[in-house]
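The values are calculated or read from the model by the stated rules, or taken from the named source; none is laboratory data. This structure is a prediction, so every number in the text was calculated from the model and none was measured. Please note: Cβ atoms are built from the backbone with ideal geometry, for glycine as well, and neighbour counts cover all protein chains shown.
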Amino acid sequence: MRELVEFFVRSRNVILFLLLEVVCFYFIINTSNYWSATYFNTANRYTAQLLTWSNAVNDFTRLRQVNADLAQENQRLNAQVTFLRQNHPPAPAAYRADSVFANRFKYTVAKVIDNTTQFANNYITIDKGTDDGIQPGMAVISPTGVVGKVRTCNRHFSVITSILHSDFFVSSRLVKANEFGPVKWDGTNPRLIKLNDISRYKPVAIGDSVVTSVYNSTFPPDIMVGRVRKVGVRADQTFHDITLDLATDFTTLAYVYIIQNQLQGEQTQLEKQDETDK
């Protein structure tokens with residue numbers, strides 16, 4: 001306390017000067033319309049700027065929750081879109097899937113907690129596991145396209161084999177050309193991927209969309225894989241050399257959707273039985 005009193009005594013002249021400055025400033029503002037208006041305009045401008053910065057900080061701190069909410073909404077919308085596509089396929093018009101078949105794909109949203117893109121064989125770790133119904137072999141997509149397939153799980157985490165993996169491929173379809181072939185990464189650029197086994201005699205347009213085909217039991221059909229970036233001819237002169245821009249940007253991947261085909265086991269069992277009977 002004594003030191004505080006000594007500080008005020010030592011600084012009394014400075015403190016008195018500052019008080020007089022405040023009093024003078026007060027009288028100037030209250031006795032002059034010009035300075036009063038100038039003060040309030042300036043104060044309002046800086047107050048508005050401070051509020052803008054404060055709101056920006058608050059919005060930034062809420063981004064995680066906003067992203068999580070958007071991921072949940074996308075999960076619901078993905079399920080609805082898949083149901084509509086399965087229930088009303090483009091052709092033939094007379095065909096209509098039963099409700100069990102149309103609802104066979106179940107979506108679960110998960111957060112990416114680890115992701116590699118720099119290796120020949122890349123993997124992704126997510127924060128959902130067997131306690132959330134995740135099992136090896138399930139398809140994984142992002143809000144924009146194919147991501148990969150679940151490789152291993154424990155109770156709370158799962159590891160995904162990325163589409164950026166030397167052993168991963170997915171049956172795909174050129175939308176305009178209606179041609180089918182496997183998409184496989186060549187191990188170079190994580191933004192580009194190859195579409196193989198498309199005959200060089202089939203027309204392929206730059207910018208054509210490539211989506212998952214109906215010829216696999218893991219991914220729902222019509223999930224985006226990428227768009228045609230470049231078309232060449234392979235050295236064997238039999239197939240096109242087609243390079244795609246990947247629909248999924250793996251460098252910014254934050255949330256994914258794990259897809260369970262609830263009829264996959266039944267389909268696989270029947271196909272194996274049919275092979276055995278042959």
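Is it the case that the range 169-190 has a residue that's closer than 20 Å to SER142 by Cα and among the hydroxyl-bearing types (Ser, Thr, Tyr)? Yes, the range 169-190 contains at least one residue that is closer than 20 Å to SER142 by Cα and among the hydroxyl-bearing types (Ser, Thr, Tyr). Confirm whether THR130 is surrounded by fewer than 16 Cβ atoms within 10 Å (Cβ to Cβ), touching a strand residue (DSSP E or B) at 6+ places or on another chain (Cβ under 6 Å) and either over 17 Å from VAL228 (Cα atoms) or of a type in the set (A, V, I, L, M) (or both). Yes; evaluated as a whole, the condition is true for this residue. Can we say ASP167 is in contact with a strand residue (DSSP E or B) (Cβ under 8 Å, 6 or more places away or on another chain), at pLDDT below 95 and closer than 21 Å to HIS240 by Cβ? Criteria not met by ASP167.
Between PHE219, PHE180, the distinction of being of a type outside the set (D, E, K, R) and surrounded by fewer than 18 Cβ atoms within 10 Å (Cβ to Cβ) belongs to PHE180 only.
ARG191 fails exactly one of the following numbered conditions: (1) surrounded by fewer than 18 Cβ atoms within 10 Å (Cβ to Cβ); (2) in contact with a Leu (Cβ under 6 Å, 6 or more places away or on another chain); (3) over 23 Å from ALA120 (Cβ atoms). What is the number of that condition? Against the list (1) surrounded by fewer than 18 Cβ atoms within 10 Å (Cβ to Cβ); (2) in contact with a Leu (Cβ under 6 Å, 6 or more places away or on another chain); (3) over 23 Å from ALA120 (Cβ atoms), ARG191 comes up short only on (3).
If you check TYR201, TYR215 for being farther than 30 Å from ASP114 by Cβ and free of Cβ contacts under 8 Å to residues at least 12 places away in the same chain, only one passes: TYR201.
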